[in-house]
């Protein structure tokens, strides 16, 4: 209704009676072959078949005309007035439209219909010609980008399957028009702005203006958008005559930015001709493009911009957009530069930056963050979105008006990487939307050496954006003014509609994939053309000098001025002796660390809480804190069971998690838990979101009722994505150290589809980019006989990436446990009790630094009667147990113990049951290693020294080449100074994580526990 009134309002104002008339309206139903049928409202008595001349006509156009006629019959041509009157009168199919009789004498004696039509000769041709013109206009709007001059090299590889583009002066016959019609005047439809203030134009002028709007250096894809208001907004931005105008000041600014962009690359080429830098040559207009987006966004009120990009042009963006100190960039090219001790570091074109400065256009302070990114080009996309969402959340920016994201892409990666789709797919989900992202594609028209015809199945690399109805603005990157204009429009779009938009900069790579590459091997014709191609700065400078915007002298002075800036910075860079990666940090937490980036303390406080608080949180967890809220009967039994546990002072896994979350929320720590089905929990154990059984979409989250002044709790089911969602949550965790951000896999082994985020960002992020992060991964793990796909979270992969040395026994100090955590790259645990899970979650926030935490969570233990913890294990002065010693008869007489069985996780409960059945409680000690990495050398040593006469066995339910064995065995051997062998009890090596046969599973389980308790023989080897 709103869109209709917007359209009709341009014809004439609505009266009150006309407004009332529009309350109930029919819809036009488009089907293949054109518009066929009305579905009338009460005032249309029958369906009406449109005549053959309507075939192929835009349904939107006819719908708008019909609505306009309902407002006032004079709003449409008299022929359409007759058509709609006949339809309303119940004319049968085929009779709604009637051609007028030829003129012969007066109108006396004519039928009422003929009188209404008037004496207009050739009315049918007139209607048909107007329809043809309207179809022609629509064709330009839909297909104009096909013939736009987008490729600076004029050798575009875009393949439209040789389908002819039927627009242009030479194709008017396709629409039933003749060359003689070019000078005829036609009334313009309401769905175009090419007329400006004129409502009619000659056909020749109509085509000329359409060519100027859609077929020059800008190609616009937007007609797939199903929102009329948005389409009209875009039409107005590109069709309005003379709209793409720039002031002298804007042109001077654009020239200055082009100079900086171009001369920066030329300076690097002169100084370090044999170094890789992934320069921007061939797309120098990217820098003014980004600066235009930031300027316009700042004017709209944006205060923070988070950016992600691949390596091409990163140094230029750091220098001229983020404004990183040039000497800090240049010193990275010095091969003699020593690395500081923060970590391994990374190559210069992977690093990020955080900077706050004044925007000269808006005179407002703006914060810019360029996220560090590995060579996995698009992997940073969801990370940027997560950080953007977090900043919006913490600043109360619910509409994305103050914080926004910009993502840069390469054409081949944008089309080829599935994470691009996953990121777009998150763009409108309530818990993941960032209210619009501006995507800028640096379209090299080639991927390394791969031709587009071999790299994608769609004409454009940007076609993936159509899935979310994002408008796509293609632009010739050798036209800086056109680039600047589409970036202005993109910024206005994002500020107006808060939806994604794509700017496709069609350009080329002057130097190949990198400065060491020889592109002529594989693209000889393209690079012959590139060698002849005049640089974009030279072309633009000649243009503005010819226009009188600047003089040749002032241009040369501006070039010399920037060259001197670079040279001075180069001289200063020689004084740098040590590279401090922390200067390139993209997510600083100044309130969390000291000025030197170190923790303010190395003390980790106890993580227990008072009994009163445990009972309070337990009561919340077992109740529905909203009146008249009807929950499912099965859920009532679950809540009653929780209440009983609280009364008995015990908790199971779900209640232990509730205790940890509730206590942290009460202390002001925001918690965000996301993943597939996390609200209920994959195994129906969590139930953090209650659903009213009688009222649709009415929910209750009891965790948000813990305390009046608590922090908010966010729990959200995600899309069926691991790669994108884990990247998003990682980015969210980067924004603040004072939040507990958790991602739970539906099953632990599903983490392997997010392996890129785990490998490139989580395990090595601090070493490469000095970026601490406290994200928690909850990975359901355990051999339950459910087959190979739902058993193992692949602990061996996480442990293989741990950075502690298996062959060095560390020096044990008073704060050994804390220092060990600080030195590790991430923490890997497999808790066997709810209390330990409770403590490790609280420790994650209370410790004075942030490390990723990998938790192998249980499945069967969620309801195991023995897997419960007393409140006593969660009270003040209690804390996480890195190792849980045997507390049975064996501990009373350690000298009598013949065997220590070390284990981790669920297998413990199988072992103690078997030990009891065999009557070996006093001869075999079963010890749980709860924190696998960093390895508890000190506690393992204490246990092996205590049971000095016992042999050592590592027991696991996973196969020998999987699980923890290869990680744990050498560390236990180091602990005993290689004086005692470590035997293995477990499944044999295998390719699959588990068998799919339940009987085989049980047989394997019995065999491994038999070997663990057989004091005379082993099925495994040292």
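Taking residue 288 as the residue in question, decide whether it is on the phi < 0 side of the Ramachandran plot, surrounded by fewer than 24 Cβ atoms within 10 Å (Cβ to Cβ) and at pLDDT 85 or above. Break it down into steps so the answer makes sense when it comes.
Working: on the phi < 0 side of the Ramachandran plot: yes; surrounded by fewer than 24 Cβ atoms within 10 Å (Cβ to Cβ): no; at pLDDT 85 or above: yes.
Here the answer is no, as residue 288 does not meet what is asked.
Note on the range 562-620: residues that are exposed (fewer than 12 other Cβ atoms within 10 Å of the Cβ), farther than 30 Å from residue 662 by Cβ and at pLDDT below 95 total 8. Restrict the check to the range 386-398 and report whether at least one residue is over 18 Å from the mean Cα position of the chain (by Cα), assigned to a helix (DSSP H, G or I) and in the same structural domain as residue 435 (by TED's automatic domain parsing). Yes, there is a match, as at least one residue in the range 386-398 is over 18 Å from the mean Cα position of the chain (by Cα), assigned to a helix (DSSP H, G or I) and in the same structural domain as residue 435 (by TED's automatic domain parsing).
Being in the same structural domain as residue 277 (by TED's automatic domain parsing), surrounded by 20 or more Cβ atoms within 10 Å (Cβ to Cβ) and touching a residue at least 60 places away in the same chain (Cβ under 8 Å): is that true of residue 465 here?
Working: in the same structural domain as residue 277 (by TED's automatic domain parsing): yes; surrounded by 20 or more Cβ atoms within 10 Å (Cβ to Cβ): yes; touching a residue at least 60 places away in the same chain (Cβ under 8 Å): no.
Taking the combined requirement at face value, the residue does not satisfy it.
Could we say that residue 503 is closer than 30 Å to residue 231 by Cα and either surrounded by 18 or more Cβ atoms within 10 Å (Cβ to Cβ) or not assigned by TED's automatic domain parsing to the domain that holds residue 273 (or both) here? So residue 503 fits the description; yes.
Filtering the range 161-183 to residues that are exposed (fewer than 14 other Cβ atoms within 10 Å of the Cβ), in contact with a helix residue (DSSP H, G or I) (Cβ under 8 Å, 6 or more places away or on another chain) and modelled with pLDDT of 85 or more leaves 178, 179, 183.
Kindly establish whether residue 747 is over 20 Å from residue 354 (Cβ atoms), touching a helix residue (DSSP H, G or I) at 6+ places or on another chain (Cβ under 8 Å), outside the structural domain of residue 660 (by TED's automatic domain parsing) and buried (at least 19 other Cβ atoms within 10 Å of the Cβ). So residue 747 passes the test.
Quick grid of which residues meet (1) within 31 Å of the chain's Cα centre (by Cα); (2) buried (at least 19 other Cβ atoms within 10 Å of the Cβ); (3) not in a strand (DSSP E or B):
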{"position": "213", "(1), (2), (3)": "no, yes, yes"}
{"position": "224", "(1), (2), (3)": "yes, no, yes"}
{"position": "230", "(1), (2), (3)": "yes, no, yes"}
{"position": "245", "(1), (2), (3)": "no, no, yes"}
{"position": "252", "(1), (2), (3)": "no, no, yes"}
{"position": "279", "(1), (2), (3)": "yes, yes, yes"}
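Residue check: residue 452 meets all listed conditions (1) in contact with a strand residue (DSSP E or B) (Cβ under 7 Å, 6 or more places away or on another chain); (2) under 26 Å from residue 151 (Cα atoms) but one, namely (1).
Scoring residue 840 on the criteria (1) modelled with pLDDT of 95 or more; (2) out of contact with any strand residue (DSSP E or B) (no Cβ under 6 Å at 6 or more places or on another chain); (3) outside any loop (DSSP other than H, G, I, E, B) leaves a single failure, condition (2). Restricting attention to the range 448-494, the residues being outside any helix (DSSP H, G or I) and more than 22 Å from residue 257 (Cβ to Cβ) number 15. Residues in the range 261-277 that are surrounded by 15 or more Cβ atoms within 10 Å (Cβ to Cβ) and free of Cβ contacts under 8 Å to residues at least 40 places away in the same chain: 266 only. When the range 861-901 is filtered for residues that are out of contact with any helix residue (DSSP H, G or I) (no Cβ under 6 Å at 6 or more places or on another chain), part of a helix (DSSP H, G or I) and closer than 30 Å to residue 815 by Cβ, the ones remaining, listed by number, are 872, 891. Could you please let me know if residue 893 is at pLDDT below 95, surrounded by fewer than 18 Cβ atoms within 10 Å (Cβ to Cβ) and more than 24 Å from residue 968 (Cβ to Cβ)? Yes. Out of 522, 434, 450, 496, report the one residue that is surrounded by fewer than 19 Cβ atoms within 10 Å (Cβ to Cβ) and free of Cβ contacts under 8 Å to residues at least 60 places away in the same chain. Going through 522, 434, 450, 496 in turn, the sole match is 450.
Would you confirm whether any residue within the range 520-537 is more than 15 Å from residue 260 (Cα to Cα) and over 40 Å from the mean Cα position of the chain (by Cα)? It would help to see each step written out before you state the result.
Step one: of the range 520-537, the residues more than 15 Å from residue 260 (Cα to Cα) are 520-534.
Okay, now just the ones that are also over 40 Å from the mean Cα position of the chain (by Cα), so none.
No, the conditions are met nowhere in the range 520-537.
Starting from residues that are more than 19 Å from the chain's Cα centre (by Cα) and part of a loop (DSSP other than H, G, I, E, B), keep the ones in the range 749-773 and report whichever is nearest to residue 660 (Cα to Cα). For the range 749-773, the residue satisfying everything is 772.
The values are calculated or read from the model by the stated rules, or taken from the named source; none is laboratory data. These figures come from a predicted structure and were not determined experimentally. Positions of Cβ are generated from backbone atoms using ideal geometry, with glycine treated the same way; all protein chains shown enter the neighbour counts.
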